[in-house]
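Report on the following structure.
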Amino acid sequence: MPVILATDIIMFLLTVIFVFLALRVRSEGYLKDAWRQIKMNKLAMISLAILILYGAVALADSIRWRDPVLNDNGEAAIADNGSTIYSAEALTLLDRAFSGMRLSTEKTFSAPFAERQFVKENIEVADGTNRRDYPELKYPGAHILGTGKVGNDVFFSAMKGVRTGIIIGAGTTIISIPFAIFFGVLAGFYGGIVDDIIQYVYTTLSSIPDVLLIVAFMLLFGQSGYQGGLVNEADTILNFFVLNDRLFWLCFIMGITSWTGLCRLLRGETLKLREMEYIQAANAFGVSKSTMMLRHIVPNVTHLVLITMVLQFSGLVLAEAVLSYIGVGVGAETGSWGNMINTARMELSREPVVWWNLLAAFVFMFTLVLPANIFGDAVRDALDPRLRTK
Amino acid sequence: MLTYIIRRLLYAVPILIGVNLITTLLFFYVNTPDDMAHQILGEKGITEEAVEAWKRDHGYDLPLFVNSGEAGLSKVTQTVFAQKSIPLIWLDFGRSDRKNIDIGSQIKRRMWPSLAIALPTFLVAICVNMIFAMLLAYLRGTYLDIWGVVLCVAFMSVSSLFFIIGGQYVLGKILRLFPISGYDTGIYSIKFIILPVIIGIIASIGGGARFYRIVFLEEINKDYIRTARAKGLSEGTVLFKHGLKNAMIPILTNVVVSLPFLFYGSLIMEAFFAIPGLGSFTIDAIHAQDFAIVRAMVYLGSILYITGLILTDISYTLVDPRIRLG
């Protein structure tokens, strides 16, 4: 029984766009040149490989389905009305691939590669008396980043944050791109009153402090939907689709706060392109305005869209952690590095210190954001060196 | 110049109205006053009268945009939108939803701690970043420059949360140099200010130094620098005397836009260090779901943003006499 979240669709869309671009870099003129230049940059290629690895984990964490509940005989349980009963837990491909790690939970904290628990307990010794000591772990040495407060494997928890990071970083831009292209090109192409209205809208939106707009929106829309974890039947449409997904709302509102920059950039570029000879030629041939915009302007601004997408990525991933820390980011049950940092902060004041939760979140975030920054710079230099200073 | 500023101020009016329209739609249309009353008064054992009384006390009992019960101009003025927006012109922010305190006086009191943290961070960070950037520009093309830029990118890739947590842990808890968090009045507040300022500077180095380096490099490749070198001036004089002066234009205009926001405070910094400034005021309001305060802070934020834009334009004319605002 498949389950599809609204953010899963974004993830699929991202995959399609990535595959499309990967195919196009071999044929299309300016992409081909840019790709040749990026290929020469060793650091950028290593970064790309890491980003693809992260993307693969995120995609595997977006394909999910529910298993039937088994009865005592090991067969699928059937409800009274004849339909199969499915478990409320929609496990993803990632959950299933790492089920060993997911299910090997301990009682509570344990340090990385530890053989024994981090906290002392009363242990019954053979002669019947009790002794206070560190009990042996159920899976000694198996947790490469230790276990958390409820005994969860920290490495696995950090891996569950990958999907959230990728979706916030790239999905947000995917949502905002259509708006930015539509309004930016329209404003630049028509000018006059259309331009005035669109400029007014984006100046107004960008004058509201981003964080407050996101906070207000999430307080009003984010509280009711799917927060991660078990899938509630009431949240679904046709029993498999979850539209009211908190992560999706977060992407949506972050998209609204971030589209204005791209819109302004596209407006400026369109203003310039409008005066080019080939547009005048198209005008002389009697090409309609909508065709002119779609066929002659939009393809010539796509490099700006690509640049914005890779450059925004890392900032958005970092912003998600801060928002989740304030408590207006992703739901409490969604795996996210912001949530991990939030809990890890309290653990630092324990004695002795529990540091591995924080380390895991740091390492996973850093190894995503650093390659994203390096690759983003390489893409920008390859596509438009003039933008360097902006 | 004066006419330009007046025109810009007039242009701010529709923007501020637009901002209020958005907040009104978000906070009153999506989340009706009835919802608010229930959130604040609690769900159980609440009578209809209590809800009505609460709405009347806070002025939320009127229609949103059009009051069809009134005649003439009162049709528009006797509404939640007008009643809540018009006092904002003379910066009367009203009272908060939950504790019924005067928001305006709170803002006036709390902006000083915010400023006490933000101003030193801002000034020292600019100096530190520029020194680093000049150093990298001086060493341009060498391995030190390349690795310096890589280090900048690495610093940019670390979440500010880690800088704060790490700084508090190492400088505050282990080395015991500063108190971890808190605030005091007057001169005693200094020991509480140092740690957030240091952390704020460290967090800004990556992005800042990289940006200023690019600005300096752009300036260094210009013709007048070549002339200065041809005259036989030392590389130091060329960089610091001629280059720095001209690089100030993009730097200044980039910096001025954030000047008004020094009062505004930073949400996470103030939350982590328990600074009683505007940032923690906002975050407390968010946790308490006090939308009157959030609305006031949104309005204040957009005023500061518009002020920043106008200041940027004025600063252009100050540093570059070729620019005239008409």
| request: At least 1 residues that are open to solvent by less than 40 Å² (accessible area, probe 1.4 Å) and closer than 30 Å to B:Ile310 by Cβ in each: list the helices (runs of 4 or more DSSP H) lying fully within segment B:176-261 that qualify. | output: B:190-220, B:244-256
| said: Restricting to segment B:172-190, give me the number of residues that are within 14 Å of chain A (Cβ to nearest Cβ) and under 17 Å from B:Ile268 (Cβ atoms). | reply: 3
| message | Can you find a residue that is open to solvent by 10 Å² or more (accessible area, probe 1.4 Å) and in a strand (DSSP E or B) anywhere in segment A:110-117? | response | yes
| request: Being among the hydroxyl-bearing types (Ser, Thr, Tyr) and surrounded by 13 or more Cβ atoms within 10 Å (Cβ to Cβ) is the filter; apply it to segment A:1-29 and report the residue that is modelled with the highest pLDDT. | output: A:Thr15
| field | From B:Ile164, B:Ile205, B:Ile193, B:Ile146, residue being at pLDDT 85 or above, aliphatic (A, V, I, L, M), under 21 Å from the mean Cα position of the chain (by Cα) and over 20 Å from B:Leu267 (Cβ atoms) | value | B:Ile205
| Residue list for segment B:270-320, filter: within 11 Å of chain A (Cβ to nearest Cβ), touching a Pro at 6+ places or on another chain (Cβ under 6 Å) and over 21 Å from B:Gly104 (Cβ atoms) | B:Gly308
| task | Could you check, for segment A:308-315, whether at least one of its residues is β-branched (Val, Ile, Thr) and either within 14 Å of another protein chain (Cβ to nearest Cβ) or at positive phi (or both)? | result | yes
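Yes/no per residue for (1) touching a Ser or Thr at 6+ places or on another chain (Cβ under 7 Å); (2) within 30 Å of A:Trp355 (Cβ to Cβ); (3) not in a strand (DSSP E or B):
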| residue | (1), (2), (3) |
| --- | --- |
| A:Ala56 | no, yes, yes |
| A:Gly74 | no, no, yes |
| A:Glu89 | no, no, no |
| A:Val119 | yes, yes, yes |
| A:Pro140 | no, yes, yes |
| A:Gly151 | yes, yes, yes |
| said: Looking at A:Thr367 and the list (1) within 11 Å of another protein chain (Cβ to nearest Cβ); (2) of a type in the set (S, T, N, Q); (3) assigned to a loop (DSSP other than H, G, I, E, B), which single condition is not satisfied? | reply: (3)
| Does B:Asp97 satisfy being outside any helix (DSSP H, G or I) and either out of contact with any strand residue (DSSP E or B) (no Cβ under 8 Å at 6 or more places or on another chain) or outside the structural domain of B:Val13 (by TED's automatic domain parsing) (or both)? | yes
| request: Give the residue that is modelled with the lowest pLDDT, with candidates limited to residues of segment A:293-351 that are of a type in the set (Asp, Glu) and either surrounded by fewer than 17 Cβ atoms within 10 Å (Cβ to Cβ) or over 30 Å from A:Gly225 (Cβ atoms) (or both). | output: A:Glu351
| request: Find all pairs meeting these conditions: Cβ atoms under 7 angstrom apart; at least six residues apart or on different chains; first residue within segment B:207-220 and of a type in the set (Gly, Ala, Ser); second residue assigned to a helix (DSSP H, G or I) and open to solvent by less than 30 Å² (accessible area, probe 1.4 Å). | output: B:Gly208/B:Ala125; B:Gly208/B:Asn129; B:Ala209/B:Asn129; B:Ala209/B:Ala133; B:Ala209/B:Leu136; B:Ala209/B:Cys152
| field | Sole residue being part of a loop (DSSP other than H, G, I, E, B), among the hydrophobic types (A, V, I, L, M, F, W, C) and on the phi < 0 side of the Ramachandran plot, chosen from A:Ile168, A:Ile123, A:Ile144 | value | A:Ile144
| Any chance B:Phe211 is facing another protein chain (nearest Cβ under 10 Å), modelled with pLDDT under 85 and on the phi < 0 side of the Ramachandran plot | no
| request: Take the residues in segment A:199-227 that are in a loop (DSSP other than H, G, I, E, B) and open to solvent by less than 10 Å² (accessible area, probe 1.4 Å), then tell me which one is farthest from the other protein chains (Cβ to nearest Cβ). | output: A:Gly225
| query | Right, B:Tyr4: facing chain A (nearest Cβ under 10 Å), surrounded by 13 or more Cβ atoms within 10 Å (Cβ to Cβ) and within 30 Å of B:Leu318 (Cα to Cα) or not? | reply | no
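Okay, residues lined up against (1) of a type in the set (A, V, I, L, M, F, W, C); (2) under 25 Å from A:Thr7 (Cβ atoms); (3) modelled with pLDDT of 85 or more; (4) touching a strand residue (DSSP E or B) at 6+ places or on another chain (Cβ under 7 Å):
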position	(1), (2), (3), (4)
A:Glu124	no, no, no, yes
A:Asp133	no, no, no, yes
A:Leu145	yes, no, no, no
A:Phe156	yes, yes, yes, no
A:Val185	yes, no, yes, no
A:Pro209	no, no, yes, no
| request: Return yes or no: is A:Arg246 touching a residue at least 60 places away in the same chain (Cβ under 8 Å), away from chain B (no Cβ under 14 Å), among the basic types (Lys, Arg) and open to solvent by 50 Å² or more (accessible area, probe 1.4 Å)? | output: no
| said: If A:Ala187 meets every condition in (1) in a helix (DSSP H, G or I); (2) open to solvent by 40 Å² or more (accessible area, probe 1.4 Å) apart from one, which number is that one? | reply: (2)
| task | Scan segment A:316-358 residue by residue and report those that are farther than 23 Å from A:Val215 by Cα and more than 10 Å from chain B (Cβ to nearest Cβ). | result | A:Met346, A:Glu347, A:Arg350, A:Glu351, A:Pro352, A:Val354, A:Trp356, A:Asn357
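The values are calculated or read from the model by the stated rules, or taken from the named source; none is laboratory data. Because the structure is predicted, anything quoted here is derived from the model rather than measured. Here the Cβ is made from the backbone with ideal geometry for all residues, glycine too, and neighbour counts use every protein chain on show. Ligands, DNA and RNA are excluded from the accessible area calculation, which covers all protein heavy atoms including side chains. Shrake-Rupley method; radii C 1.70, N 1.55, O 1.52, S 1.80 Å.
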